[in-house]
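The values are calculated or read from the model by the stated rules, or taken from the named source; none is laboratory data. Note that this is a predicted model, so its numbers are computed, not measured. For neighbour counting, all protein chains shown are included, and Cβ atoms are generated from backbone atoms with ideal geometry for every residue, glycine included. Accessible surface areas use protein heavy atoms only, side chains included; no ligands, DNA or RNA. Shrake-Rupley method; radii C 1.70, N 1.55, O 1.52, S 1.80 Å.
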Amino acid sequence: VQLVESGGGLVQAGGSLRLSCAASGQTFKDYAMGWFRQAPGKEREFVATISGRGGGNTYYAESVKGRFTISRDNAKNTVYLQMNSLKADDTAVYYCAAVRQGLVQKVTTGYDYWGQGTLVTVSS
């Protein structure tokens, strides 16, 4: 599975961005997908996850709950992260990840595949 993120950029605080992650392969629907982020000098942290195998369950980090929404389009092999009410603290490289399982996955070590990342910069 290859993952390619897009949609990052520079946005003012309070603004919105939508990240996309396109996946290769024909079994995308079987994969739980996640978004993580890594700010300069910090460890990679969990942002959001959505289950695979038709489950559609989602789970969010407390820091983004109510502002970010993860979704997927299995017909397009794509997972999205809609980010609203962005804050300066949201500035980071955002990574997409995949693991072939139905359940949501909240830890980095639970994923087998990672994208290259896309930079989000929120100016205050």
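Under the criterion of Cα pairs below 8 Å and six or more residues apart, the relative contact order for the chain equals 37 percent. Taking max minus min of the alpha-carbon positions on each principal axis, segment 80-123 gives extents of 36, 19, 17 Å, largest first. Solvent-accessible area of Asp112, all protein chains in place: 100 Å² (probe radius 1.4 Å, heavy atoms, ligands and nucleic acids excluded).
Ordering Ala23, Thr118, Ser6 by the projection of their Cα atoms onto the charge dipole of the chain, which places +1 on the Cβ of Lys and Arg and -1 on the Cβ of Asp and Glu, puts Ala23 at the extreme positive end. In a simple Cβ point-charge model (Lys, Arg +1; Asp, Glu -1; nothing else charged), the chain has a dipole of about 200 debye relative to its Cα centre.
If only the Cβ of Lys and Arg carry +1 and only the Cβ of Asp and Glu carry -1, the dipole of segment 20-93 around its Cα centre is close to 140 debye.
Need one number: % antiparallel among DSSP beta bridges in the chain, to the nearest 5.
Working: 36 of 40 bridges.
Of the beta bridges lying entirely in the chain, close to 90 percent run antiparallel.
Of the GluC sites (Glu not before Pro) found in segment 18-124, those in coil by DSSP whose Cβ has at most 10 other Cβ atoms within 10 Å are Glu43, Glu62.
Electrostatic bookkeeping for Arg67 treats Lys and Arg as +1 and Asp and Glu as -1; over the other residues with beta carbon under 12 Å from its beta carbon, the sum is -1.
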